[in-house]
Structure formats: C-alpha cells, structure tokens
1. So for the chain, taking the charge dipole from beta-carbon charges (+1 Lys/Arg, -1 Asp/Glu), which of 284, 262, 105 sits furthest toward the positive end?
2. With every protein chain left in place and a probe of 1.4 Å, what is the accessible surface of residue 140, to the nearest 10 Å²?
3. If the viscosity is 1.002 mPa s and the temperature 20 °C, what Stokes-Einstein diffusion coefficient in µm²/s follows for the range 200-241 when Rh is the Kirkwood radius over Cα pairs?
4. Taking amide H atoms as placed 1.01 Å from N in the peptide plane, list the residues 5 or more away in sequence, or in a different chain, whose amide H sits under 5 Å from that of residue 325.
5. For the range 95-181, what D do you get in µm² per second when you plug the Kirkwood radius from alpha-carbon pairs into Stokes-Einstein at 25 °C and 0.890 mPa s?
6. To the nearest 10 Å², what's residue 33's accessible area with a 1.4 Å probe?
7. Working out 0.36 nm times the residue gap between residue 310 and residue 296, then minus their Cα-Cα distance, what length gain in nm do you get to one decimal?
8. As a test of reading the structure, rank 208, 350 by solvent-accessible area (1.4 Å probe, protein chains only), most first.
Amino acid sequence: DPAHYKLLGTRIGGVDNVGIVTGKALFGIDVKLPGMLYAVYEKSPAFGGKVLSANLAAVKALPGVRDAFIIEGTTNLNGLMPGVAIIAESTWAAFGARKQLKVTWDEGSVVNESWDDFSAKAQAHSKQAGASVMRKDGDLAAAFSAASKTVEAAYSYPFISHASFEPQNCTAWFKPADGTLELWAPTQNPGAGQNLVASVLNIAKEKITLHMTRSGGGFGRRLSSDYVVEAAAIAQRVNAPVKLTWSREDDMRHDHYRAGGFHFLRGAVDAKGKLSAWHNHFVTFANRVMRDGVSVLQPGSGANLSGDEFPGRWVENCLLEQTAMECGIPMGPWRAPGSNVFAWVFQSFIDELAHAA
C-alpha cells in the first residue's frame with residue numbers, strides 16, 4: 001500500500017554526501033586504530049623482479065622506524081609481489097626511511113620488454129593470419145575484389161594507469177593468538193581480496209574479515225587486490241594493526257594497466273557507398289597464467305575481441321581475427337574495458353570509410 005511507503009516518493013540524498021563534502025573520515029586512507037603502525041612497501045622497478053639484498057640494518061636505525069624486512073612474495077603477477085617492507089611510527093617516518101633504502105634487484109626477464117618491440121611484433125603479426133578467428137561471414141575476398149573503394153588503417157593505443165585520486169592503501173591487523181586477520185580496504189571486490197589473502201598466506205577464509213571503506217576513485221583498479229595481500233603479509237610480521245600506504249609513484253609504476261593494443265583494419269564500400277566488407281586483425285596483450293595446472297595465455301581485461309563486436313553481425317562480409325602477444329605487464333579493467341578502446345577504433349575507421357564513400 002503506497003500509504004506505507006517510507007522511501008518511494010521522498011527525496012533522500014546519498015547517506016555519505018555530507019560526510020564526503022565536509023571531509024569526514026570515510027575512506028580507506030582515513031582508517032585509524034589504537035596502537036597502529038604505518039608501512040610502505042618497495043617493489044622492483046621491473047615487473048616480476050625479486051629482492052637480492054637490502055640495507056635493512058641502516059634503515060632500521062633511522063628515527064621512527066620500528067622494523068624493515070624482505071617479503072619473498074610469489075612469481076604470479078596477480079599474487080604477492082616480492083619487496084621490502086618498512087614499518088614506522090608514522091607515514092612520514094616510513095616515507096622518509098624509504099628514501100634511504102637501497103635494494104639490489106634481480107630484475108628478471110620482463111625488464112627487456114619494450115613498446116618498440118611490441119609494435120614491431122604487432123606489425124609482423126598483421127601480415128599473417130590471426131591466431132584466433134572470432135567471426136567469419138560471407139566472402140571477404142570477393143567483396144574486396146568487387147569494391148568501389150577500399151581503405152586500410154592501423155590504430156594503436158598504449159597501456160594506461162588508473163591514477164585514482166586516493167592511492168592504494170589497506171589497514172591490516174593479524175592476531176596470532178587465534179590466527180584471525182582483520183582488513184580495512186577501499187576495494188571494489190572484497191570477495192576476491194579475501195580469496196587472494198587466504199590462498200597466498202594460507203589463512204582459512206573464515207578467519208579473514210574485510211571491511212569495505214569508501215574509495216577515492218576506483219575505475220576498475222580496486223578490483224585487483226595486490227595492495228590488500230601486501231598489507232596482510234606485512235601484518236603477519238607486526239604485532240599491531242598496520243596501515244600500508246602506496247605513494248603516487250607506487251600507484252603509477254605498479255598499476256594493473258588498461259591493456260594496450262593494435263588494430264589492423266581493411267574496409268570496402270560498394271558503388272552505392274554501402275559498407276560491403278570489414279576485416280580487423282586485433283593484436284593484443286596477454287599474461288601467462290596457470291589454469292588447472294596448465295600454462296596458458298590470458299588476454300588482459302578489455303583485450304579480448306568478441307565475435308559480436310560492432311560492426312560484426314551488421315556487415316555481410318566480415319572477418320574478425322585476434323593474436324595475443326605474451327607480456328609480463330600486469331593488466332586489469334579500466335572503465336568499460338573493451339568499449340573504451342574498441343569504440344574509438346571502430347567508429348574512427350567507419351568515419352574514414354564514410355569519407356571514402
């Protein structure tokens with residue numbers, strides 16, 4: 001009965017609106033707990049790098065520093081990256097001590113990857129058939145042969161960081177007496193964070209409590225849980241609640257980036273100016289991951305072309321192909337991960353074809 005409605009038909013603002021605009025402590029970076037310590041985490045400048053040595057004794061002797069230690073981590077790009085943790089009495093002290101940290105790294109093989117090499121490989125792939133056929137309709141060769149005009153174009157776009165306003169952070173409190181772990185994080189995906197911590201640190205899932213705070217921008221970055229498992233791993237070594245805060249430099253260097261890509265396109269219009277053929281060879285990026293005990297290439301989020309992607313289904317003669325290049329750069333979703341790049345490429349190429357028509 002509408003007479004009993006309490007919300008419908010009334011004007012109710014967001015419950016946190018006043019708190020947000022008046023600077024109340026709602027976000028992950030605002031979390032404070034009694035006796036809390038503060039952490040920073042230095043990771044390799046090359047993806048997948050490992051710590052060989054660090055001047056831990058010198059760092060521990062600095063003012064306000066409580067501890068410094070190496071975390072071995074894993075080799076999984078979406079797991080716990082190896083690094084050096086510094087624990088201090090304030091974020092200021094932790095950030096200051098980090099400037100004195102000297103680490104010798106085994107940078108691994110990813111350090112040899114470069115955009116120039118990827119671009120050259122993509123060009124080579126474009127001259128061959130795609131590794132996968134996502135869609136094949138009609139007779140492409142006949143349509144191009146009968147075309148009034150044809151157009152060829154290549155589009156590329158880079159890896160992009162999310163650069164959310166609030167850097168990644170997480171507060172963790174491990175209680176060795178009962179083996180429980182409590183986390184406070186500005187996450188978009190608490191279940192995934194809980195699962196990652198449980199699997200990497202071998203903590204029973206039911207012993208992990210994750211509190212969602214407000215996020216100062218997510219855009220898909222906080223679907224990843226690397227900063228959550230880092231805080232949890234650090235907390236296991238600290239007999240107190242500890243807040244991990246990334247610097248802006250951390251955030252840019254260690255993002256899970258929107259995947260770059262290369263599109264090699266051919267299109268044809270007939271004598272009436274109608275689009276008669278469309279061919280796209282999409283060269284994308286993929287990480288090597290383990291799935292059911294088998295090593296496979298997994299395209300980054302938004303780096304996988306669907307057979308139904310526009311203008312598929314709408315062009316009588318259509319070939320959509322895809323080839324994935326292996327890379328060691330961590331990737332993740334970035335605001336409508338497919339559409340934010342595909343729409344630009346396809347609509348721009350359609351514009352070129354319209355001019356030709």
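1. Farthest towards the positive pole: 105.
2. Approximately 30 Å² for this residue.
3. Details: Rh = 12.1 Å.
D, rounded to a whole number, is 177 µm²/s.
4. 284, 285, 286
5. Details: Rh = 20.5 Å.
Using the Kirkwood radius from Cα pairs, D works out to 119 µm²/s.
6. 40
7. Fully extending the segment from residue 310 to residue 296 adds 2.3 nm.
8. Working: 208 10, 350 50 Å².
Largest accessible area first, the residues go 350, 208.
The values are calculated or read from the model by the stated rules, or taken from the named source; none is laboratory data. Keep in mind that this is a model prediction, so the values were computed, not measured. Methodologically, a virtual Cβ is constructed for each residue, glycine included, from the backbone with ideal geometry; neighbour enumeration extends over all protein chains shown. Accessible surface is based on the protein model in full, side chains and every heavy atom, while ligands, DNA and RNA are left aside. Shrake-Rupley method; radii C 1.70, N 1.55, O 1.52, S 1.80 Å.
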